[in-house]
1. Condition test on Ala26, is it more than 13 Å from the ligand (Cβ to nearest atom), surrounded by fewer than 18 Cβ atoms within 10 Å (Cβ to Cβ) and on the phi < 0 side of the Ramachandran plot?
2. Among the residues of segment 150-167, is any assigned to a loop (DSSP other than H, G, I, E, B), more than 26 Å from Leu324 (Cβ to Cβ) and among the charged types (D, E, K, R)?
3. When the residues of segment 1-19 are narrowed to those that are more than 20 Å from Gln112 (Cα to Cα) and in contact with a Ser or Thr (Cβ under 9 Å, 6 or more places away or on another chain), which ends up nearest to the ligand (Cβ to nearest atom)?
4. Search segment 179-192 for residues being closer than 20 Å to Glu317 by Cβ and either away from the ligand (no atom under 15 Å from the Cβ) or assigned to a strand (DSSP E or B) (or both), and hand back the single one that is farthest from the chain's Cα centre (by Cα).
5. Output the number of the condition that Ser240 fails; it satisfies all remaining conditions of (1) under 28 Å from Met29 (Cβ atoms); (2) buried (at least 20 other Cβ atoms within 10 Å of the Cβ); (3) within 16 Å of the ligand (Cβ to nearest atom).
6. Condition check: over 13 Å from the mean Cα position of the chain (by Cα), touching a residue at least 12 places away in the same chain (Cβ under 8 Å) and within 26 Å of Val9 (Cα to Cα). Does Pro149 satisfy that?
7. Is segment 298-308 home to any residue that is under 15 Å from Val156 (Cβ atoms) and in contact (Cβ under 8 Å) with a residue 40 or more places away in the chain?
Amino acid sequence: MKSPVRVAVTGAAGQIGYALLFRIAAGDMLGKDQPVILHLLEITPALPALNGVVMELNDCAFPLLAGIVATDDPNVAFKDVDYALLVGARPRGPGMERKDLLEANGAIFAPQGKALNAHARRDVKVLVVGNPANTNALIAQQNAPDLDPRCFTAMVRLDHNRALSQLAEKTGAHVTDIRKMTIWGNHSSTQYPDIHHATVKGTAATSLVDQAWYRDSFIPTVQQRGAAIIKARGASSAASAASAAIDHMRSWALGTEPGDWVSMAIPSDGSYGIAPGVIYGYPVTCKNGKYEIVQGLEINAFSRERMDATDKELREERAGVEHLFAR
Ligand code: NAX
């Protein structure tokens, strides 16, 4: 058996946390041979609820669960962690503007970035789930000057999985028949789900569906799936978000399948003409714990326009939070 790794989860008493922790402890994220020590961070008023989650985790008697640290102090939560899933965030309240939302989240992700900088392992893999995820990841990254900027990523894997599911349903295939799906940009309604490079059982996806369906049904359905879930369930996506977070980390840590890629929001290096530095959804392959952007894809005018629109939104979000960056 391998020696245990430390996995931090923030917002651990929330609904995504409840759908996430038990699967991490069961080995779904890092493998059935990888023991984990869970580091759970919550705000002080949620500590009693978190204690209930800890009791349940213990009651599962998971063979791979090697320990639990439950705390309201980020400096304790991020001590020596190998992985950090930043789920806890400030939701948008009634009448709250995007500026207020970014500000409120800055107050969470700037200190968490500093605590990761001070205490996490130097090769920590950070996934930000809490919204606005891409820009929250940027805030944390910019407050962690001693860590490699590439340690910080945000989640577009739920959008990726939603796109796989929609395309599979439309083409009468299974999600496992689809390769090379891409989500470009921001985890917001400007995200661009791109099927131009995707194949279904080896056939180009664009030859199996018509352009009107792609433009008028597929893209808006994927972009607005979160709102549809809230309307149907009376609560935002939780189990599917947790599952996507597990997929994101597993791909990053254990690698992607040959001949396929996944979507991860990562610091832009300027590839595909995107503003360097913003945390942008790209097609990536992963190997030996490192991700690489898939290069050389042909981008047509339809895609270019949408990739630039979501880039623009991310640049605007960045402009709104730059005062929160450590100098
Ligand atoms: P909940 O409100 O159920 O849970 C959030 C938890 O975070 C709460 O228990 C709260 O006490 C805790 N928290 C707040 N501030 C904290 C801090 N500073 N440190 C530690 N914990 C803190 O929300 P949930 O449904 O779990 O969603 C969590 C976040 O995920 C939200 O921001 C949500 O918008 C976002 N989502 C992101 C998705 C994505 O694809 N990137 C999809 C699902 C989800 O909407």
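1. On the way: more than 13 Å from the ligand (Cβ to nearest atom): yes; surrounded by fewer than 18 Cβ atoms within 10 Å (Cβ to Cβ): yes; on the phi < 0 side of the Ramachandran plot: yes.
Against the criterion (more than 13 Å from the ligand (Cβ to nearest atom), surrounded by fewer than 18 Cβ atoms within 10 Å (Cβ to Cβ) and on the phi < 0 side of the Ramachandran plot), Ala26 qualifies.
2. no
3. Within segment 1-19, the match that is nearest to the ligand (Cβ to nearest atom) is Gln15.
4. Narrowing segment 179-192 to residues closer than 20 Å to Glu317 by Cβ: 183-192.
Those still in the list that are either away from the ligand (no atom under 15 Å from the Cβ) or assigned to a strand (DSSP E or B) (or both) too: 183-185, 192.
Numbers: Ile183: 12, Trp184: 13, Gly185: 12, Tyr192: 16 Å.
Selected residue: Tyr192.
5. (2)
6. Numbers: over 13 Å from the mean Cα position of the chain (by Cα): yes; touching a residue at least 12 places away in the same chain (Cβ under 8 Å): yes; within 26 Å of Val9 (Cα to Cα): yes.
Here the answer is yes, as Pro149 does meet what is asked.
7. Going residue by residue through segment 298-308, those that are under 15 Å from Val156 (Cβ atoms) are 306-307.
Now restrict to residues that are in contact (Cβ under 8 Å) with a residue 40 or more places away in the chain: 306-307.
Checked segment 298-308: at least one residue is under 15 Å from Val156 (Cβ atoms) and in contact (Cβ under 8 Å) with a residue 40 or more places away in the chain.
Residue by residue, here is whether (1) modelled with pLDDT of 95 or more; (2) on the phi > 0 side of the Ramachandran plot; (3) surrounded by fewer than 21 Cβ atoms within 10 Å (Cβ to Cβ) holds:
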residue: Glu257; (1), (2), (3): yes, no, yes
residue: Asp260; (1), (2), (3): yes, no, yes
residue: Met264; (1), (2), (3): yes, no, no
residue: Asn288; (1), (2), (3): yes, yes, yes
residue: Ile293; (1), (2), (3): yes, no, yes
residue: Phe302; (1), (2), (3): yes, no, yes
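The values are calculated or read from the model by the stated rules, or taken from the named source; none is laboratory data. All values reported here derive from a predicted model rather than from experimental measurement. As a convention, Cβ positions derive from the backbone with ideal geometry for all residues, glycine included, and neighbour counts pool all protein chains shown.
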